[in-house]
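Below: the structure, in structure tokens.
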Amino acid sequence: MTRSEDHQLVARAVARQDAAAFGELVRRHQSQVRNFLRKLTGDIATADDMSQDCFMHAWDKLHTFSGRGSFIGWLLKVAYTTFLQSKRKSKRYAEILEQVGHVSEAESRTYTVQSHEVSDLDKLLAVLTEEERAIMIMSYACGLSHREISDATEMPVGTVKSVIFRGKEKIRTSFDIKDHQHG
Amino acid sequence: MTSKIINMAERIKDAQDRLLESMFDAAPIADDGFSERVVRRIRRKLLIRRLTLPAAVIAGGVVAFKPAAELLAAAYKVLLGMPDDLVAAATGNLPSLQLIVTGGVILLATLLSLNMLEE
């Protein structure tokens, strides 16, 4: 799976409106996008729905991919934007429910996410803010460079570095990580 | 050079980095028809986009048919009410059918050539 192959597929998909070429890109990158969103949302079904929306947005905006960075970096930017948009929508939905007196329903939606089996990684991610979580996942789970994360989150590289540093510090203090060090 | 140093600095990992990487590490998610579902949604979207213009033209044609027919009928009545010599003078100045057909064919050929050039 090379970068130039990705770029060729993007060019084909854009120039000929080729759904099959885009399908190949989806096949190549679905695992990373779904993994990213699963870790970010903590809910498999929500993340998979969001991943489909992410790829639909990617199809609509494919012509904006400049080819400067990696395609997966660009795709994760779309995924992160999709996540933020969906969160804003559900927040508005919860606010409306609250206004009309359906507090219990709004609460039950939050509970659904929290009621899943909690892994070590979930505990670890829980101490981070949403922004820190997204950046840490991009860095440690998806293997993006600081530059790529900076492009994806539209933050300066220096800020990305300090967010990662802060995240690591939080994890270190919350879980006494020195006791588990290896290597 | 500076970017190379930055990349090298990024690659220097401490024990916590390695621990975090191992914790974040996950098995690849099987496709299980996911990409096929996305492609199907895209094809549906493309089809809807392609059908929108012809559908709008047909709908517009259906809506406009009755008023257009009424307009033509009214114009025909006006034409019938005009003096015969005035109608004869006007039709005498109209271009011949042969000229209209030739002009139409040239226009169509030009439009087709422009379309082919654009593609």
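We did not get these values from a lab; they are worked out from the coordinates using the rules stated. Just so it is clear, the structure is predicted and the values come from calculations on it, not from any experiment. Note that each Cβ is placed from the backbone with ideal geometry, even for glycine, and that neighbours are counted across all protein chains shown.
Tabulated data
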item: Cβ neighbours within 10 Å from other chains - mean over A:51-57; result: 3
item: 10 Å Cβ neighbours from other chains, averaged over peptide A:13-26; result: 3
item: Size of charge dipole - region A:118-183 - debye, nearest 20, with Cβ of Lys, Arg +1 and Asp, Glu -1, no other charges; result: 240
item: Leading residue at positive end of dipole, the protein assembly as shown (Cβ point charges), from A:Ala13, B:Leu97, A:His57; result: A:Ala13
item: Gyration tensor over alpha-carbon atoms, the protein assembly as shown, equivalent ellipsoid semi-axes in Å; result: 61, 26, 16
